[in-house]
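Everything below concerns the one structure shown next.
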Ligand SMILES: [Zn+2]
Ligand SMILES: [Zn+2]
């Protein structure tokens, strides 16, 4: 919904700085050039290089993941990397709003066109020490603009995990073991209720998988995974 300010001030593209004729702070040219997500496995959003769209990937066929679907907006490539990095490290909150406006549109017109919306969004939490040093959780900033209840006190990250990108395979899984803890009241309230687990970026998918396994063990769900960008 455009604010009063949007009527008074023209929209300015967050990428090229030119005036935007779309009713968004992203111009048509930059919008068209974004690495829009396409052709992933409908379950885990793994890129499918040798299979028709909407086919389950081999990994999901062998071992179904603890969530129904993964919906991604973009590939994690330029200039999305730049938008998210500036959001995280330079407090570019306008990027969260612009990206989430697009996500909201996809949610309503595509991802959930024929399906009821989840009852709430669970943003993947940061460890409290990282949240303190950053001052905010970028995924919560994305969630703010999606128009659904946000579960912020429901899940804690309890050990400061090393950045997943530094680790490989088994070391990543060990790093994530017991990484999350759920609030008892949240468990009581959300058993049998659909939720969306939101992350800004999914790389291997291990973090959301561990969180969704924990949610599933407590009968929370069905669970869908949403992300702004997926590595692929
Ligand atoms: Zn532009
Ligand atoms: Zn898959």
Exercise for review: Report yes if some residue within the stretch 27-38 is at pLDDT below 85 and part of a loop (DSSP other than H, G, I, E, B); otherwise report no.
Suggested key: no
Exercise for review: Determine whether the stretch 182-201 contains at least one residue that is free of Cβ contacts under 8 Å to residues at least 60 places away in the same chain and under 17 Å from the mean Cα position of the chain (by Cα).
Suggested key: no
Practice item. Could you tell me which of the residues 94, 107, 84 is in contact with a helix residue (DSSP H, G or I) (Cβ under 9 Å, 6 or more places away or on another chain) and surrounded by 17 or more Cβ atoms within 10 Å (Cβ to Cβ)? Key: 84
Review point. Yes or no: residue 78 more than 10 Å from ligand 2 (Cβ to nearest atom), modelled with pLDDT of 95 or more, in a loop (DSSP other than H, G, I, E, B) and in the same structural domain as residue 220 (by TED's automatic domain parsing)?
Key: yes
Point to revise | Number of positions in the stretch 39-73 that are more than 10 Å from ligand 2 (Cβ to nearest atom) and at positive phi | key: 2
Check your understanding: Given the structure, is residue 121 touching a residue at least 40 places away in the same chain (Cβ under 8 Å), surrounded by 20 or more Cβ atoms within 10 Å (Cβ to Cβ) and not in a helix (DSSP H, G or I)?
Key -> yes
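The values are calculated or read from the model by the stated rules, or taken from the named source; none is laboratory data. Owing to the predicted nature of the structure, the values given are computational and were not obtained by experimental measurement. Note: ideal-geometry Cβ built from the backbone for every residue, glycine included; neighbour counts use all protein chains shown.
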